[in-house]
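Colleague: Quick one: the structure is below, questions incoming.
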């Protein structure tokens, strides 16, 4: 299944939501799954991004739907990268 890396930054509204409702992260992950993708791993990070999330989705179209839906809420912005396992890269070279 295709793998994607979503790099996320919270808006000020997103920070307020997270602070007042820390369980919101798990709720959002369930919403991602309801859209047809699966959160494989997620990390809160220090530095340029607030979260790094590894997501599996059936297609780029499904991942685009997830990205647009999550971004439309105004609580975060993200950059999504298609990811290829390093072992697979070695196989195709």
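Colleague: State yes or no: is residue 33 over 12 Å from the mean Cα position of the chain (by Cα) and either under 21 Å from residue 85 (Cα atoms) or at pLDDT 95 or above (or both)?
Modeller: On the way: over 12 Å from the mean Cα position of the chain (by Cα): no; either under 21 Å from residue 85 (Cα atoms) or at pLDDT 95 or above (or both): yes.
No, not satisfied.
Colleague: Looking for something within 21 Å of residue 8 (Cβ to Cβ), in a strand (DSSP E or B), touching a helix residue (DSSP H, G or I) at 6+ places or on another chain (Cβ under 7 Å) and in contact (Cβ under 8 Å) with a residue 60 or more places away in the chain - is there at least one such residue anywhere in the range 51-68?
Modeller: no
Colleague: Could you please find all residues in the range 1-40 being in contact (Cβ under 8 Å) with a residue 40 or more places away in the chain and under 17 Å from residue 72 (Cα atoms)? Talk me through it step by step, then tell me what you get.
Modeller: Of the residues in the range 1-40, the ones in contact (Cβ under 8 Å) with a residue 40 or more places away in the chain are 1-11, 13-14, 17, 28.
Those that are in contact (Cβ under 8 Å) with a residue 40 or more places away in the chain and under 17 Å from residue 72 (Cα atoms): 6, 7, 8, 9, 10, 11, 13, 14, 17, 28.
Colleague: When you go through (1) more than 11 Å from residue 4 (Cα to Cα); (2) loosely packed, with under 12 Cβ neighbours inside 10 Å; (3) touching a residue at least 40 places away in the same chain (Cβ under 8 Å); (4) touching a strand residue (DSSP E or B) at 6+ places or on another chain (Cβ under 7 Å) one by one for residue 43, which number turns out not to apply?
Modeller: In the conditions (1) more than 11 Å from residue 4 (Cα to Cα); (2) loosely packed, with under 12 Cβ neighbours inside 10 Å; (3) touching a residue at least 40 places away in the same chain (Cβ under 8 Å); (4) touching a strand residue (DSSP E or B) at 6+ places or on another chain (Cβ under 7 Å), residue 43 misses (3) alone.
Colleague: A follow-up question, please. Which of (1) loosely packed, with under 15 Cβ neighbours inside 10 Å; (2) in a loop (DSSP other than H, G, I, E, B) does residue 27 not meet, given it meets every other one?
Modeller: (2)
The values are calculated or read from the model by the stated rules, or taken from the named source; none is laboratory data. Owing to the predicted nature of the structure, the values given are computational and were not obtained by experimental measurement. So basically every Cβ, Gly included, is an ideal-geometry build from the backbone, and we count neighbours across all protein chains shown.
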